[in-house]
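J.: Quick one: this structure, given as structure tokens, is what I'll be asking you about.
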Amino acid sequence: MREAGVHVGVRAFAAAFAMASLAAATARAQGDEQSCRNGLFPTSEAKIGRAQVIGKGRLVLLDDAPGCPAQTAKCRANTTSVPAGAELLTGHRLGAYVCAFDPAKDNAGYVESARLKPLPVDASPPLKAWVGAWRQYDDKIELTAKGASLVVSGEAYWPSAHAANANEGDLSGTATPKGAVVVFADSSDPDACRATLRLVGDVLVAADNQNCGGMNVSFSGVYRRK
């Protein structure tokens, strides 16, 4: 009888553990959906568009704290704003709001979707649109054409290129774009460096797997042509 009781207890524990795991996974999914932050934007957004700010007055980029986005003092605290006419990158929707990134100031936050006018994005840009030197602070990605493919050469640093004993990373390889996306991978090994570049208008959005350099080094970010 004691043995049967042990089995029942194990089954009950397993069921409770499964429920707890499901609840935790749900909470994480909800948290990911809620997030709209500078560092997360390039890696968390499955689809990135462009939009222009319309209407009168500046548009505030609202915080993503619990209870946000909303037009409250809490959600407007420690935030920035952009003027009418500014161009933003757009991500996921949350109610009447859209997660947006301001390439001019490297700021992200939720904005009212009614204040945005969608802009066209070339779904299959020509190879020459990719070519050039792209920068985000000290990090750089250089793309050159080779036949129908792109050759990448990149450098990234943490915390910066000018810091003593800075950690460094590099990106290299050749790949052919598929539409507005090109993926550079050292190998099929999931632990090898892998970076996905997306051309959205006149900016390059990069997202890597955190395996392209030393500790905390990442190419992920929004790059502008220099």
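Throughout, read-outs are computed from the coordinates displayed, never taken from laboratory work. Being a predicted model, the structure only gives us computed values, none of them experimental. Counting neighbours? That spans all protein chains shown, and the Cβs are built from the backbone with ideal geometry, glycine included.
J.: Take the cross-link list 56/140; 56/226; 105/146; 117/140; 56/128; 56/105 and give me the ones stretching past 26 Å between alpha-carbons.
T.: Long pairs (Cα-Cα over 26 Å): 56/140; 56/226; 105/146; 117/140; 56/128.
J.: Let me ask you something else. Can you compute the helix-only [θ] at 222 nm over the chain? Use -39500 (n - 2.57) per DSSP H run of at least 4 residues, normalise by all residues, nearest 500 deg cm²/dmol. Intermediate values should be presented prior to the final figure.
T.: Numbers: 4 runs with 45 residues, N = 226.
Taking each H run of at least 4 residues, the total per residue is -6000 deg cm²/dmol.
J.: Considering all projection directions equally, how large on average is the shadow of the alpha-carbon convex hull of the chain, in square nanometres?
T.: 17.9 nm²
J.: Oh, and also: FRET efficiency for residue 175 and residue 226, Cβ-Cβ distance as r, R0 = 22 Å, nearest 0.05?
T.: 0.50
J.: If I take R0 = 30 Å and measure r between the Cβ atoms of residue 164 and residue 142 in this structure, what FRET efficiency does the formula 1/(1 + (r/R0)^6) give, to the nearest 0.05?
T.: Rounded to the nearest 0.05, the efficiency is 0.70.
J.: Show me the trypsin sites (Lys or Arg not before Pro) within the stretch 60-126 that DSSP assigns to loop and that have at most 15 other Cβ atoms within 10 Å of their Cβ.
T.: 105
J.: Next question. For the stretch 23-146, calculate the relative contact order in percent as a whole number, restricting contacts to Cα pairs under 8 Å that are 6 or more residues apart.
T.: Numbers: 201 pairs, mean separation 31.1, N = 124.
Relative contact order for the stretch 23-146 comes out at 25 percent.
J.: What do you get for the angle between helix 2-34 and the principal long axis of the chain? Use alpha-carbon atoms, 0 to 90 degrees, nearest ten.
T.: Helix 2-34 sits at roughly 20 degrees to that axis.
J.: Let me have the relative contact order for the chain, percent, based on Cα pairs under 8 Å that are six or more residues apart.
T.: The value is 16 percent.
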